[in-house]
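Chemist: Pasting a structure here, questions to come.
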Amino acid sequence: MSPAFLTSCGQLIKRWDKQQAAASKGYWELDVWSEFRSLTGDVISKTAFESCHEEGKRVFQLQEELSFLALEACKAIYVPGIRCHEYDPIRKLSLLFSPLILKPYIHGSPVRHSRYIPTRRNRRITYLNNEIKSMLREQIRRKEAAIEKGASVKDDLLGFLLHFTRRSRRHHHRRQCRLFYFIGHEPTAVTLTWAMVILSMHHDWQQKAREEVLQVFGSNPPDVHNLSHLKIVTMLLNEVQRLYPPVGSLYRHVRQRVKLGGITIPRGVDVVAPVIYIHHDREIWGEDADEFNPERFSQGISKAGKEHNAFFPFGWGPRGCLGQHFAMMEAKIALTMILQHFSSELSPSYAHAPYIGVTLQPQYGAQIIFRGL
Ligand code: HEM
């Protein structure tokens, strides 16, 4: 998949080069939050859905609007008496993303939702849901037809899904594609965005990272086999993900009574692992827990804090992130290429406002001033 990373990152650099050439003052401003969403969206479309790249962009737009509306709906006041179905996607979203909604569920009362009332928002949610489903259905149908006619199963996720699973599980394919469209790009965009913000605040670390990148790759495009030589960049990305974990909390629903350490948890309880709080816990990270200090990762992740499991931006265990290496490789390639070409500083119009939406995002965007090197 590395050629896709290099191509998409190369296109981003070319686009920025053009903006630099057009910048009369020698510098120009960009909202990197939207730039990186488009970069990571491009990468996941190419690698997971290679054959349907253009439609992928449309699915992203629809998904983005849908998650925004669903989050709004989670925060809205519900009309008592209207229960939601166990597999209601909105309730699932609410369980995933809104501690406010989670609370009543923990205390045993069913979560209710006014999603059946045909308000303008609910109608739009239904429309977006159906539109995404039908686009994915069509992508799957076309891919199946192509494979039946003898087309090779390409190295993309959709091809593999169809090749290795039964046709009767189409709805399952659709769900998997949908998950990948979302989870396969936004958290990486978030990581890159906060990394750029932090590097634009801490010029000493920006310089250190650039020196390392130039030492390892010179001005050549990064060779994926040598990414492991990027020690400073790795420390930096770890520290960014400690301070700004893209996924702020992890949730588990207890299906049967279980004993965890010294605690017995009854069936039916939802358990929350608040990643963001644990990543900022002074008892684990020391008095500078809220400060940016990549040095703490200089001896590796296990020695960074007092508890060796306290750093878990990608979750852990059998349901941990499947795309961890994919994401880190993508982030390292993008950062390397940016550092090779441009220097950056925060724009006066940037307002630091991390916001827990579906991921931990910059509420008002991330405006950065760039200069060519
Ligand atoms: C910086 C980027 C990323 C972060 C921080 C991240 C984080 C996470 C987290 C916290 C989970 C849930 C783990 C749990 O519940 O214990 C997860 C699950 C998952 N991630 Fe990622 N992720 C990232 C990028 C990606 C990418 C690029 C892909 C795909 C290419 C991906 C695919 C998945 C999948 C498929 C799951 C579900 C695994 C399962 O339920 O078995 N992720 N990710």
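The values are calculated or read from the model by the stated rules, or taken from the named source; none is laboratory data. Predicted model, so just to flag it, every value in this text is computed and none were measured. Here the Cβ positions follow ideal geometry from the backbone for every residue, glycine too, while neighbour counts run over all protein chains shown. All accessible areas refer to the heavy atoms of the entire protein, side chains included, with ligands and DNA or RNA removed. Shrake-Rupley method; radii C 1.70, N 1.55, O 1.52, S 1.80 Å.
Chemist: How much net charge surrounds K259 when only the other residues with a Cβ under 15 Å from the Cβ of K259 are counted, with Lys and Arg +1 and Asp and Glu -1?
Modeler: +4
Chemist: Let me ask something additional. Please compare each pair in K18/K46; K46/K332; K46/K143; K57/K133; K14/K332 to a cut-off of 21 Å on the Cα-Cα distance and tell me which ones are over it.
Modeler: Correct reply: K18/K46.
Chemist: Order these peptides, 302-310, 33-41, by their mean beta-carbon neighbour count within 10 angstrom, highest first.
Modeler: Listed from highest to lowest mean packing, they are 33-41, 302-310.
Chemist: Skip the ligands, DNA and RNA, and give the accessible area per residue of the stretch 117-264 with a 1.4 Å probe, whole Å².
Modeler: Result: 54 Å² of accessible area for each residue.
Chemist: Ok, one more. Work from the charge dipole of the stretch 243-373 (Cβ charges, +1 for Lys and Arg, -1 for Asp and Glu, about the Cα centre) and give the residue of V258, F314, Y364 farthest towards its positive end.
Modeler: Farthest along the dipole direction, towards plus: V258.
Chemist: Rounded to the nearest 0.05, what FRET efficiency do E55 and E287 give with R0 = 45 Å and r taken as the Cβ-Cβ distance? Could you check?
Modeler: About 0.35, to the nearest 0.05.
Chemist: Sticking to Cα atoms, compute the Rg of the stretch 204-344 to one decimal and its Dmax as the biggest Cα-Cα distance, whole number, in Å.
Modeler: Spelled out, the Cα radius of gyration and Dmax of the stretch 204-344 are 17.9, 57 Å.
Chemist: A further question on this structure: For the stretch 217-373, give the magnitude of the charge dipole about the Cα centre (Cβ charges: +1 Lys/Arg, -1 Asp/Glu; no others), in debye to the nearest 20.
Modeler: Using Cβ point charges on Lys, Arg, Asp and Glu, the stretch 217-373 gives about 760 debye.
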